[in-house]
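Here's the structure we're looking at; comments come further down.
Laboratory data are not the source of any read-out in this text; all were calculated from the coordinates shown. Remember, predicted model here, so these are calculated numbers, not experimental data. Quick reminder, even Gly has a Cβ in these numbers, built from the backbone with ideal geometry, and neighbours come from all protein chains shown.
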Amino acid sequence: MGWLEGTTALVTGAGSGLGHAIVNRYVAEGARVGVLEIDRSKADALTNRFGDAVRVTVGDARRYDDNLLAVEDTVAAFGGLDVWVGNAGLWDYGTSVDALPAAAISDAFDEIFSLNVKGYLLGVKAALPALRDSRGAVILTASNAAFWPGGGGPLYTASKHAVVGLVKQLAYELAPDVRVNGVAPGGMPSDLRGPRALGLADTSWSSLPVDDLMKEFSPLGRAIAPADYTGHYVLLAARHESATVTGSIHNCDGGIGVRGRPTTA
Ligand SMILES: NC(=O)c1ccc[n+]([C@@H]2O[C@H](COP(=O)([O-])OP(=O)(O)OC[C@H]3O[C@@H](n4cnc5c(N)ncnc54)[C@H](O)[C@@H]3O)[C@@H](O)[C@H]2O)c1
């Protein structure tokens, strides 16, 4: 029997990368899963792959109405909502303050924060009545950049630090009804995009040698796949296994905070 039998979850940005791996794992653990995904072809691929176990709503996580529609679709399909996972995000491709064109900063900031931060808050707001009914849980995808410099430029790093603030404040406000936690993964191959204002909307993270970069960057010295992170999302979603956990962030980034490895003789 899976850890999430009888559980209903909703994941934003699950058409590729980490979100897709979370859906795959949640279904394998017995959950039924709603998805809010902006890309119609990725949405169709999810439906084709998972059939009745997954209900996909095509929409924009930056919009309250689309978040609400995804909650309504999920509740209508599966009869309730136990876990809301905020995951859709944009990266800034490590664009430093020196490299940021002054004229693009305002738009790039708005693009990144409107998804990485505002999208999470809007989604929680939309899901809250259903989560209160179920005494459910929120899980927000953070990043190594939520704790350490160098995993992005100032726009991304600030946005992911803001996710830590959201986890703590929402955990405080929503206790004892709803547990709120985060997961802070490190690098993994995915289709992660950047802001249009920086000319990065059509650049995919997987166009870079991500596995090689992670082997070098991570103290654990290994490539990490999206599926490697999904156990944290299962644990935090499982009400009996993490009943005492709220306001925490599972730091599972491959040890980036350790800052390297000693050189071997
Ligand atoms: N890839 C990494 O190395 C890495 C590292 C640390 C944290 N993260 C975080 O993981 C999360 C998932 O990113 P990923 O790497 O899997 O990227 P990804 O681009 O493969 O997946 C994100 C999904 O969100 C969808 N999406 C984009 N904008 C959307 C919107 N406005 N509304 C709804 N859906 C939208 C995309 O179509 C895609 O399917 C992000 O929060 C990211 O910051 C990624």
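What is the calculated FRET efficiency for residue 196 to residue 76, with r their C-beta to C-beta distance and R₀ = 22 Å, to the nearest 0.05?
Efficiency, rounded to the nearest 0.05: 0.10.
Once you place label points 7 Å from the Cα toward the Cβ at residue 263 and residue 47, how far apart are they in nm?
Spacing of the two 7 Å Cα→Cβ label points: 5.7 nm.
With a 10 Å radius around each residue's Cβ, average the other Cβ atoms per peptide and rank 83-91, 217-225, highest first.
Result, highest mean Cβ count within 10 Å first: 83-91, 217-225.
Go from 0 up to the bin containing the longest alpha carbon distance in the chain, width 5 Å each, and give me the % of pairs per bin.
1, 6, 14, 18, 20, 17, 12, 7, 3, 1, 0, 0, 0
Sketch the reach of a paramagnetic label on residue 110 as a point 7 Å from Cα along Cα-to-Cβ, and name the residues of the range 145-188 whose backbone nitrogen lies under 18 Å away.
Those under the cut-off are 155-156, 159.
Going highest first, how would you order 200-209, 127-136 by mean Cβ packing within 10 Å?
So the order, starting with the most tightly packed, is 127-136, 200-209.
Between residue 125 and residue 220, what is 0.36 nm times their sequence separation minus the Cα-Cα distance? Round to one decimal in nm.
Length difference between fully extended and current span is 30.5 nm.
Grab the DSSP H runs of the chain that are 4 residues or longer, score each as -39,500 (n - 2.57), total them, divide by all residues and round the 222 nm result to the nearest 500 deg cm²/dmol.
The helix contribution divided over the chain gives -13000 deg cm²/dmol.
Take the alpha carbon gyration tensor of the range 55-148, find the square roots of its eigenvalues, order them as a ≥ b ≥ c, and report rounded if a/c is under 1.5; if not, report prolate when a/b exceeds b/c, else oblate.
Prolate, because a/c is 1.5 or more and a/b exceeds b/c.
Relative to the Cα centre, what is the charge dipole magnitude of the chain, using +1 at the beta carbon of each Lys and Arg, -1 at the beta carbon of each Asp and Glu, and rounding to the nearest 20 debye?
Around 480 debye, computed over the chain.
Looking at the chain, which longest stretch skips every one of the GluC sites (Glu not before Pro) that is in a DSSP loop with at most 14 other Cβ atoms within 10 Å, leaving the sites themselves out?
Between exposed loop sites, the widest span is 6-240.
Restricting to lysines 8 or more places apart or on different chains, can you count the pairs in the chain with Cα atoms under 30 Å from each other?
Summing the qualifying lysine pairs gives 10.
If you take every residue apart from residue 166 with its C-beta less than 11 Å away from the C-beta of residue 166, what net charge results, scoring Lys and Arg +1 and Asp and Glu -1?
Residues close to residue 166 contribute a combined charge of +2.
So what's the net charge close to residue 83: Lys and Arg +1, Asp and Glu -1, counting the other residues with Cβ under 10 Å from its Cβ?
Its environment carries a net charge of +1.
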